[in-house]
1. Can you list residues whose amide H is under 5 Å from Cys8's amide H, if they're 5+ apart or on another chain and H is modeled 1.01 Å from N?
2. Could you work out how far apart the two model spin labels at Phe43 and Arg23 are, taking each label as a point 7 Å from the Cα in the direction of the beta carbon, and quote it in nm?
3. Check which residues have an amide H placed less than 5 Å from Thr28's amide H, if you skip close sequence neighbours.
4. So I have [x] 1.07; [y] 1.37; [z] 1.28, and one of them is Cα Rg over 2.2 N^0.38 Å calculated from this model. Which one is it?
Amino acid sequence: MIEGFVLCTDRCGSKTSTRYTKRVTNFTVKHESRSHLLGANRFAYPESHIEVDNRLA
């Protein structure tokens, strides 16, 4: 189950948002963590995860 995404435009502070969101202790948070993968693996995020990535739009 995917918990959440933060969709951003380029140069908008997405890395700062990621750092701030990491303070939430019951979720993992990553910035463009799977952007190098293709196919189903690209969207295989763990449960209770927040992904910040403009490439998902």
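1. Asp53, Asn54
2. Rounded to a tenth, the inter-label distance reads 3.2 nm.
3. Here the answer is His49, Ile50, since their amide H atoms fall under 5 Å of that of Thr28.
4. The calculated read-out lines up with [x].
Just so you know, all these numbers are worked out from the coordinates, no wet-lab data involved. Quick caveat: nothing in here was measured; it's all calculated off a predicted structure. Virtual Cβ from ideal backbone geometry, glycine too; neighbours counted across all protein chains shown.
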